[in-house]
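**Q** The structure follows.
What follows draws every value from the coordinates through simple rules; no lab data is involved. Bear in mind the structure is a predicted one, so any value in this text is a computation, not a measurement. Neighbour counts are summed over all protein chains in view; Cβ atoms, including those assigned to glycine, are modelled from backbone coordinates with ideal geometry.
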Amino acid sequence: MTETLKAVGGLDARDGRREPAVRMAGLAKSFGDVQAVVEGRMEVFPGEVVAVLGPNGAGKTTSLHCLLGLRQPDAGVVELMGGSPTSPQVRAQCGVVLQNSGLPGTLRVRELVDLFRAYYPDPMDTQEVLDLAGLADLAERFFGELSGGQQQRVYLGLALCGKPRVLFLDEPSVGLDSVSRRQLWSAVQRVAAEGTAVLLTTHYLEEADALADRIVLFASGRTVFEGSSTEMKSHFRRRLISLRPAGEPDLEAVRDSGAEDIEYVDGMLSLTTARTADVLRTLLGAEPVLNDLEVRGISLEEAVEEVLRTSSADLPAPAPATSQPRPSAKRDRAAERLDAASWARMVRAQTKAEFLKLKRDMAFVLTTCLLPTIFFAFFGLSQARNGDPEAMAYTVAGFSAYGAVGVGLFGFGVGIAAERGFKWDLLIRATPMSPSAYLSSRIVPAAVFTLFTLCVLAVFSTSVAGVRLSPAQWAALMGGLTLGNIVFVAMGLAIGYNLSPKAAGPVSTVVYLLLSFASGMFVPLNQLPSLAESLAPFLPTWHFARIGWGAVGIEPGFGLTSLLVLTAYTAAFTALAVMGYRRELKTRFL
Ligand SMILES: Nc1ncnc2c1ncn2[C@@H]1O[C@H](COP(=O)(O)OP(=O)(O)OP(=O)(O)O)[C@@H](O)[C@H]1O
């Protein structure tokens, strides 16, 4: 941990001044012509709860995303505990609930908590997370089966996993019933009491009033007020008066005494005024006893409405920042790199989660792992009846290649497109999890499922169809196809990062079937139209299948040409995947 981080959060050792855990000054961010944030500023100190308020489109979420390093500011300074929000060391001390992010529905709540705990160096105990977020009774349920409010509690639990020193909550109580909302409030109060800085955006002003020590109000991309809710309310001397007059009130006289927004309905008079004494004097002059008289100051909601209605020039300027903006330090990427032990811990936990997700995805297991054996039953068994061992070996090797391509393409790559679709990647990006660890965690499950697919086919073809291959041939077939599968992993990534989540699955299925068929995996090329034979040498699937055919002794097997073609395809697909990934970074995260 860097020196900067050690100094964070409490009193600055040098001059005794308190350092903010969150600091934003002069923030500006636009999307094309839309100026989402023009002048954003705020500070949150350790142990403090700050609510960011403002109408729809005021720039709250954009500011929060800049603070989290999910968006790159155009101008201004954003710092978390004195460091850069994109640093994994800083992210390791933050917890985040985001609007509209998603989680895989096939993982259980406890599994998700354990996965997120592995992202952090010093996580909270699993049971403590479950208790704090009110998830103890839901621990064994699948995330996808939970109601919206229950899912929201899971997001809170995941945000608490790393014992955060800064907790960001973007509209955390949306969809929560009143009991769950109070549970959320008490969890927030508890972590704040332990010194965590909490920043929450909310449209529930009652929530801001109950929870927040200070309020930051945004309007049209600017911070227009920063202070406590009492300060905001007391700025407005206006009072609300209501009473039940005994007779018909003289509304003209009441208005002349300084009353506004006068309503007289069903014998009840209500009004607002900044001249409370004058109005009361007029009312008392008309009748000595005022029935059901109530005089109250404005609520936070009314104060916020008032602030937004009056121009920001009428407001007290936000207090000057306790520290002057300083230009962001040049990023030290070497210092920001994850250490090897953390990387390995994340890969282990993520690998387990990826494995569980694939295992529970029946569509994946049935179509990708079992379909090659089902197809072999159609094509290979007839050859067994004809007693042609070479044709059977050809078919076994062809369908083995077909199965391996499916696992690489769908298990590894296309799954990424789906995760982009439900924005699981957005949430992961706000944690210290590294993109390389995230991608690496898919390798072992893809290899395990490839071997599983090949083993099912091997068992079926030897026991039912009587295929006879030597152990060395089986080893060459399985080992070669599992290793060579990297080209289809790259192809899957290229599809996953370049196509929309909806298009990625169907496009992959069509490409997969066409390429496999045109490469002779179903029917030998010499039984297909001559065009297929001329086209096959250009297809990655044909060169890949030659690994299998070579392993079972059918010539020509895998050679230098195939190696070069597959290497070239791997490089091209990888380049496409990187381009797609970078484009995504620009559109979603810049
Ligand atoms: N990715 C984007 N591309 C284009 N415009 C965007 C993008 N994200 C936000 N905006 C625009 O920036 C402005 C501020 O949006 P933002 O989401 O920050 O507001 P908000 O205060 O969080 O609103 P809400 O309360 O509705 O969540 C809006 O006009 C919005 O349309």
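**Q** Using the Karplus curve 6.51 cos²θ - 1.76 cosθ + 1.60 with θ = phi - 60°, what ³J(HN,Hα) values do you get for each residue of segment 26-43, in whole Hz, with x for Gly and Pro?
**A** Per residue, the Karplus-derived 3J(HN,Hα) values read x, 6, 9, 8, 10, 10, x, 7, 8, 8, 6, 10, 9, 8, x, 8, 5, 9 Hz.
**Q** Among the listed pairs K423/K502; K60/K163; K357/K423; K60/K502; K60/K423, which have their C-alpha atoms separated by more than 21 angstrom in this model?
**A** Table pairs above 21 Å Cα-Cα are K60/K163; K60/K502.
**Q** If the cut-off is a Cα-Cα distance under 20 Å, which aspartates and glutamates reach K586, setting aside same-chain residues fewer than 8 apart in sequence?
**A** D33, D74, E419, D425
**Q** Report the label-to-label distance for S147 and R275 in nanometres (one decimal), using points 7 Å from each Cα along the Cα→Cβ vector.
**A** So the two model labels end up 5.2 nm from each other.
**Q** Next question. Ignoring everything except DSSP H segments at least 4 long, calculate the 222 nm mean residue ellipticity for the chain; use -39,500 (n - 2.57) per segment, divide by total residues, nearest 500.
**A** Result for the chain: -15000 deg cm²/dmol, rounded to the nearest 500.
**Q** Something else: Taking 0.36 nm per residue of sequence separation and subtracting the Cα-Cα distance, how much length would be gained by fully extending the chain between S382 and A246, in nm to one decimal?
**A** Difference between extended and current length: 38.9 nm.
**Q** Also, I was wondering about something else. Subtract the Cα-Cα distance of K586 and T230 from 0.36 nm times their separation in residues, and report this length gain in nm to one decimal.
**A** 124.0 nm
**Q** Report the calculated FRET efficiency for R255 and S299 (r = Cβ-Cβ distance, R0 = 22 Å), to the nearest 0.05.
**A** 0.40
**Q** Right, next: List every residue whose amide H lies under 5 Å from the amide H of V97, counting only residues 5 or more places away in sequence or on a different chain, with H placed 1.01 Å from N in the peptide plane.
**A** Amide H to amide H, under 5 Å and 5 or more residues apart or across chains, V97 pairs with F168, L169, D170.
**Q** Still on this structure, I have one more. What is the diffusion coefficient of segment 3-226 in µm²/s, taking the Kirkwood radius over Cα pairs and the Stokes-Einstein relation at 20 °C with a viscosity of 1.002 mPa s?
**A** 121 µm²/s
**Q** Place a label point 7 angstrom from the Cα of F31 along the Cα-to-Cβ direction, then list the residues of segment 46-85 whose backbone nitrogen is under 12 Å away.
**A** 57-63, 65, 71
**Q** With a Cα-only, solvent-free Debye model of segment 339-589, what are the log10 I(q)/I(0) values at q = 0.10 Å⁻¹?
**A** With no solvent term, the Cα-only Debye profile gives -0.49.
**Q** Once the Cβ-Cβ distance between E390 and S500 is put in as r, and R0 is 35 Å, what FRET efficiency do you end up with, to the nearest 0.05?
**A** E(calc), rounded to 0.05, equals 0.20.
**Q** Return the distance in nm (one decimal) between the two label points of a simple spin-label model at W424 and L563, each offset 7 Å from Cα along Cα→Cβ.
**A** 3.7 nm
**Q** Starting at the first residue of segment 94-107, write each ³J(HN,Hα) from the Karplus equation 6.51 cos²θ - 1.76 cosθ + 1.60 with θ = phi - 60°, in whole Hz, x for Gly and Pro.
**A** 10, x, 9, 10, 9, 6, 6, 9, x, 9, x, x, 8, 9
**Q** Which ordering of I262, I416, I241, I374 is given by a fewest-first count of other beta-carbon atoms within 10 Å?
**A** Exposure proxy ranking, most exposed first: I374, I262, I241, I416.
**Q** Calculated FRET efficiency, T126 and A341, Cβ-Cβ r, R0 22 Å, to nearest 0.05?
**A** It comes to 0.60.
**Q** Let me ask you something else. Could you tell me the extents of segment 237-297's C-alpha atoms along the three principal axes, largest first, rounded to whole Å?
**A** 28, 18, 18
**Q** Enumerate the calculated ³J(HN,Hα) couplings along segment 570-585 in order (Karplus 6.51 cos²θ - 1.76 cosθ + 1.60, θ = phi - 60°), each rounded to whole Hz, writing x wherever the residue is Gly or Pro.
**A** Taking θ as phi minus 60°, the curve returns 4, 5, 5, 5, 5, 4, 4, 4, 5, 4, x, 4, 5, 5, 5, 4 Hz for segment 570-585.
**Q** Given DSSP loops and a limit of at most 15 other Cβ atoms within 10 Å, what is the longest stretch of the chain that contains no such GluC sites (Glu not before Pro)?
**A** That gives 195-590 as the longest site-free run.
**Q** Spin-label point model (7 Å from Cα, Cβ direction): what's the Q527 to V510 distance in nm?
**A** Placing both labels 7 Å along Cα→Cβ, they lie 2.7 nm apart.
**Q** Let me ask something else about it. Kirkwood Rh, Cα Rg: Rg to Rh for segment 33-132?
**A** 1.00
**Q** Hey, fewest Cβ within 10 Å first, where do D33, D388 land in order?
**A** D33, D388
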